[in-house]
Ligand SMILES: *Cc1c(COP(=O)(O)O)cnc(C)c1O
């Protein structure tokens, strides 16, 4: 590990230059790599060295991207995926067997919830859920079959916060693997490994790319666990494309400045909405009104770019607000340069039953705002005009 600062590493940690001495990293669009002779090929396949063989296994661009995330999160190793969901699925599939048990926060990303409820039970992998705001529920759920403790913080879409240090201690006490989806925070804001996480997952599609261009995912953490995930993935094929890896690696060069500005804008928008007559409730980690404000301050450098708001008047009012926006986009992404507003109950979390939605903190009038990098006054004006309509 280098002793340079986060921003410097994000820019200067790049692959070795080719004979052309390019300044910026080139793109290696190649499916496979050649060998001088049979002996060199044998050695590569016997894993005596780290040579690139085939881009489903590794590629210089995916390695550069992964290395940056490994360094940013303070991890030992990592592997990059085509999407965040490929990273989530491959992590569980590589590490769990039939009969194993997961203890997870109830409020997790919609597709992750669908994996737990619809697909993993087909392989006798069961999941028990705790309320993210009531960590006392965790220990009673742990059984001898429990292997993984899983959570997101802040959560999607409720922006709830859980004490990562507490999760780390529970995982250690019960010999569980602690896996954290750190997508909403990014490693610039929060590094779960410091608090005891064994693995950290990201949808790189969100703030890591940050410009709404490419999909990607990554898992970083303990080398022996990443090795299992790598071997599973090398044989099942969810690898990140070199092109997307190249885009993502360039994106990470500006992660720090982008996230700083996203968070600055989000705090201003959140503070503005807190006193708005048409808003019932605002949840933002760095507003002192957030129920876990103290924990957020302890484990996060900044509050992130996601705000959860409850529009007065429930479902109807929430939908009217979305329809009245002129600049902010209605889109299924988040962490983009463009501010995006969504209505989780009718979109990302519509596959959950009404009871499951409420248990996950998704009320009918909940609106999620992913604050972008437009001028904050323009963001506030658009939101205000849509609310007052
Ligand atoms: C978007 C997202 C995912 C899934 O990532 P994709 O790149 O869309 O597959 C997983 N977890 C969280 C918290 C997300 O926001």
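Kindly indicate whether residue 245 is in the same structural domain as residue 197 (by TED's automatic domain parsing) and in contact with a helix residue (DSSP H, G or I) (Cβ under 7 Å, 6 or more places away or on another chain).
So residue 245 fits the description; yes.
Tell me, which strands (runs of 3 or more DSSP E) wholly within region 63-145 include 2 or more residues that are within 15 Å of the ligand (Cβ to nearest atom) and farther than 27 Å from residue 245 by Cα?
Correct list: 101-105.
Given (1) closer than 30 Å to residue 338 by Cα; (2) touching a helix residue (DSSP H, G or I) at 6+ places or on another chain (Cβ under 9 Å); (3) part of a loop (DSSP other than H, G, I, E, B), where does residue 197 come up short, assuming only one miss?
(1)
Hey, among 232, 321, which residue is farther than 23 Å from residue 73 by Cα, over 19 Å from the mean Cα position of the chain (by Cα) and part of a helix (DSSP H, G or I)?
Sole residue among the options that is farther than 23 Å from residue 73 by Cα, over 19 Å from the mean Cα position of the chain (by Cα) and part of a helix (DSSP H, G or I): 321.
Condition first: within 26 Å of residue 33 (Cβ to Cβ), surrounded by 23 or more Cβ atoms within 10 Å (Cβ to Cβ) and out of contact with any strand residue (DSSP E or B) (no Cβ under 7 Å at 6 or more places or on another chain). Now tell me which residues in region 65-108 satisfy that.
68
Identify, from the list 335, 313, 304, the residue that is more than 18 Å from the chain's Cα centre (by Cα), on the phi > 0 side of the Ramachandran plot and in contact (Cβ under 8 Å) with a residue 24 or more places away in the chain.
Going through 335, 313, 304 in turn, the sole match is 313.
Can you tell me which residue among 165, 139 is over 20 Å from residue 88 (Cα atoms), in contact (Cβ under 8 Å) with a residue 60 or more places away in the chain and assigned by TED's automatic domain parsing to the domain that holds residue 93?
Residue meeting the stated conditions: 165.
When region 188-206 is examined, which residues are found to be touching a strand residue (DSSP E or B) at 6+ places or on another chain (Cβ under 8 Å), within 14 Å of the ligand (Cβ to nearest atom) and over 14 Å from residue 88 (Cβ atoms)?
Correct list: 192 only.
Considering only residues that are farther than 21 Å from residue 308 by Cβ and part of a helix (DSSP H, G or I), look in region 168-187 and name the one that is nearest to the ligand (Cβ to nearest atom).
Among residues in region 168-187 that are farther than 21 Å from residue 308 by Cβ and part of a helix (DSSP H, G or I), the one nearest to the ligand (Cβ to nearest atom) is 187.
Which residue pairs have Cβ atoms under 6 Å apart, sit 6 or more places apart or on different chains, and have a first residue in region 196-209 that is more than 13 Å from residue 69 (Cβ to Cβ) and a second that is part of a strand (DSSP E or B)?
Short answer, once both residue conditions are applied: 196/178; 197/178; 197/180; 198/177; 198/178; 198/221.
Would you check if residue 149 is away from the ligand (no atom under 14 Å from the Cβ), more than 29 Å from residue 61 (Cβ to Cβ) and under 17 Å from the mean Cα position of the chain (by Cα)?
For residue 149, the condition - away from the ligand (no atom under 14 Å from the Cβ), more than 29 Å from residue 61 (Cβ to Cβ) and under 17 Å from the mean Cα position of the chain (by Cα) - is met.
The values are calculated or read from the model by the stated rules, or taken from the named source; none is laboratory data. These numbers come from a predicted model, not from an experiment. As a convention, Cβ positions derive from the backbone with ideal geometry for all residues, glycine included, and neighbour counts pool all protein chains shown.
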